[in-house]
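The values are calculated or read from the model by the stated rules, or taken from the named source; none is laboratory data. Just so we're clear, the structure is a prediction, and the values are computed from it rather than from any experiment. Counting neighbours? That spans all protein chains shown, and the Cβs are built from the backbone with ideal geometry, glycine included. Surface accessibility is based on the protein's heavy atoms, side chains included, excluding ligands, DNA and RNA. Shrake-Rupley method; radii C 1.70, N 1.55, O 1.52, S 1.80 Å.
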Amino acid sequence: MIKAMCSAEELVGRWEERREIKNLMGRYAVSFLLKREKTMFGDFWSSREDVSMGLNDGWYVGREAIADWFAAIDQATALKAKLLKADLPDKLGDQDDASLYGIGDFDVKPLGTPVIELADDLQTAKGIWYSQGSKADVTEAGPVSYWTFGVFAVDFVCEDGAWKIWHLQYLEDVKCLCGQSWAAEQTPFPENPAFAALKDVKLPEPTVKVTLREYYSPSRPLAKLPRLPEPYATFADTFSYGYEKEA
């Protein structure tokens, strides 16, 4: 709970900081939809060296690892546009690469159920959101669509008067091909020769390869969400959503 001694001015200030954090995460999620991976690391992430990002299959630790992950998505996006243009010359042949960048990709990550806690010292904050989204993509099978359900758990740090992402986990429960059952093993669509070049396109391997969250299946044990944020004074008084090396 916010201390009872807070003045009205202090309470308004804290409310404004929470609004900035919500807007930051909203812009972050929308940037995937707008295919802005080329600039997302620079736009949203902290300049600290100990940044980390956790996905289902492991941790990306440090600035270089996370920047490389975003760069790989950017490069794949450009290749997908070229392949679509070659496959649909009558519709896309007269457009240049810049105007086609992002075509075929529609990554929607709406943010719900927010829980946000701001440190008493206003230097850090924590937040968690659940996202029930969908993704249209271009793969070696050609254009496909997925359901994507997952949770964002984030530590924020205030740098030069602006909130930045310090540690982030995005852990999916569901990434299922549309038209197939979440509760059954998915059947990949057959390879389309026009998009075979995408078969070898992979994101960089995590710095630390470990299963942070299994995808949903009827046999998956109960998978709890990451710990919810709790009121705290300084970051030293709370837990971290970032990578912590085992002793």
* To do: Read through the labelled values (1) 13.1; (2) 15.8; (3) 18.9 and report the label of the one computed as mean projected area of the Cα convex hull in nm² from the structure.
  => (2)
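State to the nearest 20 debye the size of the charge dipole of segment 112-247 about its Cα centre, where the only charges are +1 on K and R beta carbons and -1 on D and E beta carbons.
Working: 12 positive and 19 negative charges, 88 e Å.
My answer is approximately 420 debye.
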* Structure fact -> Expected unfolding gain across ASP200-ARG220 under the 0.36 nm per residue rule, minus the alpha-carbon gap, is 4.3 nm
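From the cross-link list LYS80/LYS135; LYS80/LYS224; LYS80/LYS245; LYS38/LYS82; LYS38/LYS199, which pairs have alpha carbons spaced over 25 Å apart?
Working: LYS80/LYS135 15 Å; LYS80/LYS224 36 Å; LYS80/LYS245 37 Å; LYS38/LYS82 17 Å; LYS38/LYS199 22 Å.
Exceeds cut-off: LYS80/LYS224; LYS80/LYS245.
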* Asked: Around ALA136, which amide H atoms from residues at least 5 apart in sequence, or from another chain, sit under 5 Å from its own amide H, with H modelled in the peptide plane?
  -> PHE106, ASP107, VAL108, TYR146
* Calculate what fraction, in whole %, of the accessible area of segment 1-100 sits on carbon and sulfur atoms when a 1.4 Å probe is rolled over the protein chains. => 54
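Please go through segment 151-247 and write out the trypsin sites (Lys or Arg not before Pro) that DSSP classes as loop and that have at most 16 other C-beta atoms within 10 Å. Working shown, then result.
Working: sites: LYS164, LYS175, LYS199, LYS202, LYS209, ARG213, LYS224, ARG227, LYS245; in loops: LYS202, ARG213, LYS224, ARG227, LYS245.
Of the trypsin sites (Lys or Arg not before Pro), the ones in loops of segment 151-247 whose Cβ has at most 16 other Cβ atoms within 10 Å are LYS202, LYS224, ARG227, LYS245.
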* Pull out the extension gain between THR113 and LEU34, defined as 0.36 nm times the separation in residues minus the alpha carbon to alpha carbon distance; nm, one decimal. => 26.1 nm
* To do: Relative to the longest principal axis of the C-alpha atoms of the chain, give the angle of the C-alpha long axis of helix 63-87, reported between 0 and 90° and rounded to the nearest 10°.
  => 30
* Structure fact -> For LEU122 and ALA78, extending 7 Å from Cα along the Cα-Cβ vector and measuring point to point gives, in nm, a value of 4.2
* Please give the per residue accessible area of segment 92-218, computed with a probe of 1.4 Å over protein heavy atoms only, in Å². => 49
* Asked: Under a GNM of the chain (C-alpha, springs under 10 Å), which listed residue has the highest mean-square fluctuation: GLY150, GLY179, GLY54?
  -> GLY179
* Asked: Using 7 Å Cα-to-Cβ label points, what is the LYS209/ASP96 separation (nm, one decimal)?
  -> 4.2
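Assuming 0.36 nm per residue, please report the length gained on full extension of the stretch VAL174 to SER134 beyond their Cα-Cα distance. Numbers along the way, then the final one.
Numbers: separation 40, 0.36 × 40 = 14.40 nm, distance 1.00 nm.
Contour length minus the Cα-Cα distance gives 13.4 nm.
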* Student exercise, the chain dipole from Lys, Arg, Asp, Glu Cβ charges, in Debye to nearest 20 -> 500
